[in-house]
Amino acid sequence: MALKVHIAGKLVDKDDARISVFDHGLLYGDGVFEGIRSYRGTVFRLESHLRRLYESAKAICLEIPMTIEAMADAVYETLRANQIQDAYIRLVVTRGSGTLGLDPNRCGHPQVIIIADRISLYPAEFYDKGLEIVTVSTIRNHSAALSPRIKSLNYLNNILAKIEGLKAGCVEALMLNSKGEVAECTGDNIFLVSRGRLLTPPIDAGILDGITRQVVIDLAREVDWTVLEIPLTKHDVYIADECFLTGTAAEVIPVVKVDNRTIGEGVPGPHTRELMDRFRQETLSGSRE
Ligand code: PXG
């Protein structure tokens with residue numbers, strides 16, 4: 001069965017899901033998106049993802065031509081049409097087709113696209129043994145230029161960092177902000193465990209307000225762990241007892257080496273493993289928010 005894509009309000013075969021070459025999403029990266037997962041047919045934290053999508057759109061003066069409730073229904077409709085239980089869902093809203101030239105007012109209608117496909121997972125080995133990452137020279141774009149809280153179709157800042165990481169043999173790369181503080185990875189947020197406390201950069205370090213990040217903070221606080229959202233430096237990373245990343249695609253993934261330095265004992269630590277377990281339970285609990 002051909003994959004069905006939700007586009008312009010209809011479900012069509014993937015090969016018939018097309019947009020104009022004049023769409024400003026393509027011409028200028030003018031648009032927003034979300035990457036969401038479903039577990040056993042239930043979309044994980046759909047409300048949070050939709051809130052972030054609509055906030056991203058508002059921040060770029062893009063009016064999404066449907067209500068949040070209609071969007072939620074369309075996501076489930078797309079999921080059911082493709083009969084995928086554990087899906088990777090990509091929501092894209094572009095500025096729509098316009099004239100050549102930046103002016104967004106010359107675009108007709110925003111284009112809404114929903115894709116639900118099978119998820120390709122990181123190899124299990126990464127979760128058992130932990131990842132090796134590097135700090136890259138590409139800094140996270142300054143939030144006064146383009147807020148990293150906007151999940152925009154313009155991901156070149158992250159892609160340039162990813163290229164640097166890949167050239168160094170790492171699948172994920174750590175980005176600093178313009179102050180030299182730890183920001184986030186190219187598609188994941190970062191956490192440290194230090195002296196029994198969970199540390200992560202605050203949103204105003206210029207990072208995406210990650211939904212997995214918030215789930216992990218909530219899970220840790222539920223069992224009375226101390227969680228601090230504070231500015232961190234590379235020094236904090238190098239002396240941490242444990243390090244892990246969070247993201248919709250990666251979930252919770254341990255990091256054991258940063259810049260060729262061993263973090264902690266060089267194996268996924270006990271706090272990380274406990275949070276991986278608790279996160280897994282949360283995804284399988286079937287609760288919608
Ligand atoms: N930082 C950045 C820059 C991201 O793009 C995260 C952190 C983690 O946020 P969430 O809300 O997912 O916990 C992201 C999310 C992909 C893909 O296809 C990337 C993300 C999410 C889903 C899929 O590479 N990045």
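Ranked from largest to smallest solvent-accessible area, with a 1.4 Å probe on the protein heavy atoms, 147, 56, 285 come out as 285, 147, 56.
Between residue 285 and residue 90, the C-beta separation translates, for a Förster distance of 35 Å, into a calculated FRET efficiency of about 0.90. Within the range 168-233, the proportion of Cα pairs with more than 18 Å between them is 36 percent.
Report the calculated FRET efficiency for residue 40 and residue 125 (r = Cβ-Cβ distance, R0 = 25 Å), to the nearest 0.05. With a Förster radius of 25 Å, E is 0.55. How much of the pair distance distribution for the chain lies past 29 Å, counting alpha-carbon pairs only, in percent? Of all Cα-Cα distances in the chain, 36 percent exceed 29 Å.
Here the translational diffusion coefficient of the range 7-69 follows from Stokes-Einstein with Rh set to the Kirkwood radius across Cα pairs; for 20 °C and 1.002 mPa s it amounts to 156 µm²/s.
Here the label points at residue 51 and residue 178, each 7 Å from Cα along the C-beta direction, are separated by 2.9 nm in the simple model. Note on residue 162: aspartates and glutamates with a C-alpha under 20 Å away, same-chain residues under 8 apart excluded, are 34, 132, 172, 181, 184, 188, 209, 251, 259.
Show me the three semi-axes of the equivalent ellipsoid for the range 148-289, from the C-alpha gyration tensor (sqrt of 5 times each eigenvalue), largest first, rounded to whole Å. Each step should come with its number before you reach the end.
Details: eigenvalues 97, 69, 44 Å².
So the equivalent ellipsoid measures 22, 19, 15 Å along its semi-axes.
What is the Cα convex hull volume of the range 83-214 when expressed per residue in Å³?
169
Modelled this way, with points 7 Å down the Cα-to-C-beta line, the labels at residue 2 and residue 26 are 1.8 nm from one another.
Accessible-area rank, largest first, for 197, 45: 197, 45, with all protein chains present and a 1.4 angstrom probe. Computing FRET efficiency as 1/(1 + (r/R0)^6) for residue 166 and residue 233, where r is the C-beta to C-beta distance and R0 is 25 Å, gives about 0.55. Determine, at each q value in 0.10, 0.14, 0.23 (inverse angstroms), the log₁₀ of I(q)/I(0) that the Debye formula gives when each Cα of the range 4-117 is one equal point scatterer. Debye intensities relative to I(0), on a log10 scale: -0.28, -0.54, -1.29. Each label point was placed 7 Å from the Cα along the Cα-to-Cβ direction; for residue 278 and residue 11 their separation is 3.8 nm. Rounded to the nearest Å, what's the spacing between the alpha carbon centres of the range 263-289 and the range 162-228? Just the number, please. That distance is 15 Å.
The values are calculated or read from the model by the stated rules, or taken from the named source; none is laboratory data. Quick caveat, the model's predicted, so the values are computed rather than measured. Quick reminder, even Gly has a Cβ in these numbers, built from the backbone with ideal geometry, and neighbours come from all protein chains shown. Side chains included, ligands, DNA and RNA excluded: accessible areas come from the protein's heavy atoms. Shrake-Rupley method; radii C 1.70, N 1.55, O 1.52, S 1.80 Å.
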